[in-house]
Structures are given as C-alpha cells and as structure tokens.
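> Dumping the structure here so I can ask a few things about it.
Since every read-out is calculated from the coordinates, none of them should be taken as a lab result. Owing to the predicted nature of the structure, the values given are computational and were not obtained by experimental measurement. Heads up, the Cβs are rebuilt from the backbone with ideal geometry, glycines too, and the neighbour counts pull from every protein chain shown.
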Amino acid sequence: MEHLNNTTLLIGIKDKHITLTKAIQHDTHIEVIATLDYNPPKCKHCRGKQIKYDFQKPSKIPFIEIGGFPSLIRLKKRWFQCKSCRKVTVSETTLVKKNCQISEMVRQKITQLLLSREALTHIASKLAISTSTVYRKLKQYHFQEDYANLPEVLSWDEFSYQKGKLAFIAQDFNTKKIITILDNRRQTTIRNHFFKYSKEARNKVKVVTVDMSGSYIPLIKILFPKAKIVLDRFHIVQHMSRALKYYSKYL
C-alpha cells in the first residue's frame, strides 16, 4: 500500500474541524484516517463550561469514490466533559448525522442514483454499502401505484433489507421505474398485490424476467398467462461468476 497526499477539500469534506492525518491506498479501496476536533461549546445539559476529553474510538464511515476507488473514513471524534455536571458529550460534524454511520455525501449519492432509476443492488454495489441502506432511503419516498396499467416487460427480483429478511421488488424492465416494493416475498403477498390489477392490465404483460431460482414461475403463469418468462441476464452472469470462482480453487 502507498500513502497519498491528501486534503479535505480535494475529496469534498467541507467541515473545517476535520483534519486528515493519513490516506492509505489498498488494493480494493482507499482508507482515510481523520480526526474531528474543535473548541468545546457550552454543556447541553447545564450550560456549564466543557473541556476536551480524549477521542472516541474511530468510526468507520462509508464515503464516495476517490480516484475511482470505493472509500471509507475512519473518523476519531473529540469527547467533551462538563466541569460542572461531569457529563460527557461527543463532537458533531456535518459529514455525518448524529448516531449515523453513513456520510451525508453517500446519502445524497443514493438519492441521485435512485432518481436515475438504478437498481437497488447496483447502487449498493457501486457505493460499497448494504442493500438495506439503499432500501431505507427508498422507503422515504412515496410513489402512487397505478393499478390500471402494467409495463409490457416486467422485472421481478428480491433483495435483503434486514438481516435474514428479503423484500420483493417489481420494476419496468426497460425504464427501471419501480412498480412496487413489498416487505416480504411470500407468494400470497405477491399474488394479492397483483390481483389488484385488472385482468386486462395483467394480460398486457408480455415478458417477466426473474432470477434463476424458478420459485416465482408458477405464480407468474397464474398472474400473467400471456407472458413469457425469461431469466435475468444479471443473475446468469452472477451465477457463472460464482461457479468460476468455486472451480478456480481446484485448478
């Protein structure tokens, strides 16, 4: 690994209280070591005088790409202690919200990519964050479902939004417009949702793309009797990549 010349402005950090102490180029990502420090304000609890009190254990904060590499910031925040009530507080920054581990710049990038109709899994991969983080951001938006119309080519997929839990998403395959997101992938939930559409609307669906598991195929035949079922090329490539990685161990 090599050390990089660095500056907060170069990578887009506007908080003047953050100082970069080191930037390390790894094979897969860039790691930025930084500290947050400033003169202590008055105590939030009693308005007493505070003093500086050591640093917090470094927080790992996902950040936007630097030089084409995924990046993260290991930020040490200054602790403050009140001389009157003895309570301890931690310094705050515009880089990341209080009690949050995702930088504001990454949150803004998620919004930008969602508006560009990027797939949730692609956004998560591009920003080196979990799909559940993208999903939580998406849930902040409200979109009105049109039960009178469905696209000719429909894409069905699932993604992890909590540990051990999968959600269901349906999109217009061509435009990437989200048709619906359901909190689970149970077939009864999916069936009940799509039965809200008229038979005429469902008959207009010509193609449904799915992953390689095949679990949705019987349900698709019921809901969209005139549609062809096609395996999504993304899942085919993903499956082949996993297979090649597995067999490469024995070569």
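> Taking the radius of gyration and the Kirkwood hydrodynamic radius from Cα positions alone, what is the Rg/Rh ratio for the stretch 102-142, to two decimal places?
Details: Rg = 8.8 Å, Rh = 9.9 Å.
My calculation of the ratio gives 0.90.
> Extent of the stretch 2-95 along each principal axis, from alpha carbon coordinates, in Å, largest to smallest?
Dimensions of the stretch 2-95 along the principal axes of its Cα atoms: 48, 21, 18 Å.
> If you take the Cα Rg of the stretch 113-221 and divide it by 2.2 N^0.38 Å, with N the number of residues, what do you get? If you can, show how the numbers build up before the last one.
Numbers: Rg = 13.8 Å, N = 109, 2.2 N^0.38 = 13.1 Å.
Cα-based Rg divided by the globular estimate yields 1.05.
> In what order do 53, 216 fall by count of nearby beta-carbon atoms within 10 Å, going from fewest to most? Before the final figure, lay out the partial values.
Working: 53 15, 216 20.
If I rank by nearby Cβ atoms, fewest first, I get 53, 216.
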